[in-house]
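The values are calculated or read from the model by the stated rules, or taken from the named source; none is laboratory data. Treat the numbers as computed from the prediction; the structure is a model and nothing was measured. In this analysis, Cβ positions are derived from the backbone assuming ideal geometry, glycine residues included, and neighbour counts consider all displayed protein chains.
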């Protein structure tokens with residue numbers, strides 16, 4: 001359940017970021033269910049899908065320049081320990097900002113200064129995996145799929161498997177009949193001691209207040225830990 005597995009990072013009334021506990025009745029102008037109550041209804045995406053709306057140029061969290069409306073998993077894991085965890089979702093890029101770049105899923109770390117272990121982004125129709133093999137490394141990008149349009153369903157999974165010597169992350173993505181899979185290796189020493197967690201939602205890659213916005217919808221989101 002979302003109320004147990006995630007916290008919501010969104011905006012308050014002054015356009016500044018905050019983090020709140022999810023309740024069954026939680027909704028606002030930035031996080032709501034499609035076609036629910038007085039909220040807008042987009043017939044191109046499933047009714048009841050979770051909608052994440054992040055206006056460009058809104059406030060950012062510490063150590064970031066970009067606005068986000070994201071779910072942050074409450075369960076952490078550490079490279080060098082044994083685990084078998086997975087986040088999977090069905091997501092739609094509903095509206096893109098001026099930069100045409102949105103991050104919709106992550107494995108993130110709790111250490112400032114470049115602790116995004118893995119980022120999945122939609123970038124001008126491509127699904128791209130951004131990886132930092134070691135904490136603080138420059139990001140290396142791998143294109144998984146191309147030609148993915150707005151409001152097209154994207155199914156993905158991020159499988160993180162840890163051992164005493166390190167961890168492997170396997171990303172699978174499919175859209176429009178196309179499928180891709182890629183595995184990334186992280187030695188124990190590369191992220192040792194950093195608490196890691198899944199994220200899902202809308203991390204708008206446009207920091208300029210130019211009137212544009214990013215809108216992402218999730219019709220399905222599951223996370224499991226072993």
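For this structure, a couple of remarks:
- The residue of region 11-33 that is surrounded by the most Cβ atoms within 10 Å (Cβ to Cβ), among those that are at pLDDT below 75 and part of a strand (DSSP E or B), is 11.
- Against the test of being within 27 Å of residue 50 (Cα to Cα) and more than 16 Å from the chain's Cα centre (by Cα), the options 200, 160, 175, 126 yield a single qualifying residue, 175.
- Complete set of residues in region 98-112 that are within 16 Å of residue 197 (Cα to Cα) and surrounded by fewer than 24 Cβ atoms within 10 Å (Cβ to Cβ): 108, 109, 110, 111, 112
- Flag for residue 54 being at pLDDT 95 or above, surrounded by 14 or more Cβ atoms within 10 Å (Cβ to Cβ) and either more than 15 Å from the chain's Cα centre (by Cα) or closer than 28 Å to residue 174 by Cβ (or both): no
- Considered as a group, the residues in region 141-164 that are surrounded by fewer than 17 Cβ atoms within 10 Å (Cβ to Cβ) and part of a loop (DSSP other than H, G, I, E, B) include one that is modelled with the lowest pLDDT, and that residue is 164.
- If you filter region 193-208 down to residues that are in a loop (DSSP other than H, G, I, E, B) and in contact with a strand residue (DSSP E or B) (Cβ under 8 Å, 6 or more places away or on another chain), you find that the one that is surrounded by the fewest Cβ atoms within 10 Å (Cβ to Cβ) is 193.
- The set of residues in region 165-178 that are in contact (Cβ under 8 Å) with a residue 24 or more places away in the chain, loosely packed, with under 14 Cβ neighbours inside 10 Å and within 16 Å of residue 148 (Cβ to Cβ) comprises 176, 178.
- Test for residue 177: is it out of contact with any helix residue (DSSP H, G or I) (no Cβ under 6 Å at 6 or more places or on another chain) and modelled with pLDDT under 95: no
Condition check ((1) at pLDDT below 95; (2) assigned to a loop (DSSP other than H, G, I, E, B); (3) more than 10 Å from the chain's Cα centre (by Cα); (4) farther than 21 Å from residue 10 by Cα) across all residues:
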position	(1), (2), (3), (4)
81	no, yes, yes, yes
84	no, no, yes, yes
92	no, no, yes, no
103	no, no, no, no
122	no, no, yes, no
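- Subset tally (residues that are surrounded by 14 or more Cβ atoms within 10 Å (Cβ to Cβ) and outside any strand (DSSP E or B)) for region 179-191: 3
- For residue 218, the test of being surrounded by 14 or more Cβ atoms within 10 Å (Cβ to Cβ), at pLDDT below 95 and within 12 Å of residue 105 (Cβ to Cβ) is failed.
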